[in-house]
Amino acid sequence: MRSTVENVMTTEVAAVNQSAGFHTVAELLISRSVSGVPVLDDDNRVVGVVSEADLLAKEEFKERYYGDDYRPPLRARIRHATGSEGSGYRKSLGETAGDLMTSPAHVTTPDAPIVSAARLMDRHGVKRLPVVDPGGRLVGIVSRRDLIKVFLRQDHEIEQEVRAALHGQAEVTVHDAVVTLTGTYAERSQAVTALRLAENIDGVVAVRDELAYKHDDIADLPMWGGA
């Protein structure tokens, strides 16, 4: 079975209410050594995420407050004005987590496959995803580091799971999470299925195909040019 977010997520989550002040947010990020935290409404629903980048908007635009000579680089001004972090100027005026946060938050659910969470992170360029229940309430958080835990499984664990998935119909060896399959199947389709099953085991980096088959039933299919 493929692992889900629930298998790797952290349930003790550093989070703040949307009314929390700037200094409260900054102190939490520092004390918990995290780069961002979910922002919650009074019913524990996730309404956004506030990150170090959101807080730094104040520093980059501090000339608007203090009249000093500091001026953020053009690249930073463009990023804040047009990027996913939203308007840097708007955030530089913020006093609470609700003012500073990026919203809406990209979230996932406990039953989501790990690969889905990884793709969501990649699509939106985020390092973490709040995990929510059907009502949108926070139940955990999953990070990039959490997702790669599946690739730290021991070779013998992977080997046992691959053997179970294939019902002992192929020889299985595993080295550094690379699976090698050997043996002979009656049909080519069975060999193809075995490869797919092995590839779908959590922690498998690659599968080396050394399988043979007695009959190419796939070639007999009309779409493959058969009768």
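The set of residues in segment 127-147 that are outside any strand (DSSP E or B) and either basic (Lys, Arg) or in contact (Cβ under 8 Å) with a residue 60 or more places away in the chain (or both) comprises LYS127, GLY135, GLY136, ARG144, ARG145, ASP146, LEU147.
Which of the residues belonging to segment 1-25 are surrounded by fewer than 15 Cβ atoms within 10 Å (Cβ to Cβ), modelled with pLDDT under 90 and under 18 Å from THR96 (Cβ atoms)? Across segment 1-25, the qualifying residue is only HIS23. Residues in segment 124-147 that are among the acidic types (Asp, Glu) and either surrounded by 14 or more Cβ atoms within 10 Å (Cβ to Cβ) or touching a helix residue (DSSP H, G or I) at 6+ places or on another chain (Cβ under 7 Å) (or both): ASP146 only. In segment 26-40, of all residues being open to solvent by 30 Å² or more (accessible area, probe 1.4 Å) and touching a strand residue (DSSP E or B) at 6+ places or on another chain (Cβ under 7 Å), the one that is nearest to PRO104 (Cα to Cα) corresponds to SER35. All of VAL174, VAL150 fail the test of being surrounded by 14 or more Cβ atoms within 10 Å (Cβ to Cβ), of a type in the set (A, V, I, L, M), assigned to a strand (DSSP E or B) and in contact (Cβ under 8 Å) with a residue 12 or more places away in the chain, apart from VAL174. When you scan segment 100-114, do you find a residue that is at pLDDT 95 or above, within 23 Å of VAL37 (Cβ to Cβ), open to solvent by less than 20 Å² (accessible area, probe 1.4 Å) and within 11 Å of the chain's Cα centre (by Cα), even just one? Yes, there is a match, as at least one residue in segment 100-114 is at pLDDT 95 or above, within 23 Å of VAL37 (Cβ to Cβ), open to solvent by less than 20 Å² (accessible area, probe 1.4 Å) and within 11 Å of the chain's Cα centre (by Cα).
Before we move on, is LEU74 at pLDDT below 90 and loosely packed, with under 12 Cβ neighbours inside 10 Å? In short, yes. Does ARG128 qualify as being farther than 17 Å from THR10 by Cα and modelled with pLDDT under 95? No, not satisfied.
Considering only residues in segment 154-164 that are among the hydrophobic types (A, V, I, L, M, F, W, C) and buried (at least 18 other Cβ atoms within 10 Å of the Cβ), the one that is nearest to the chain's Cα centre (by Cα) turns out to be ILE158.
The values are calculated or read from the model by the stated rules, or taken from the named source; none is laboratory data. What you are looking at is a predicted structure, and each value in this text was computed from that prediction instead of being measured. Positions of Cβ are backbone-derived with ideal geometry, glycine not excepted, and every protein chain shown enters the neighbour counts. Surface areas here come from the heavy atoms of the whole protein model, side chains and all, with no ligands, DNA or RNA. Shrake-Rupley method; radii C 1.70, N 1.55, O 1.52, S 1.80 Å.
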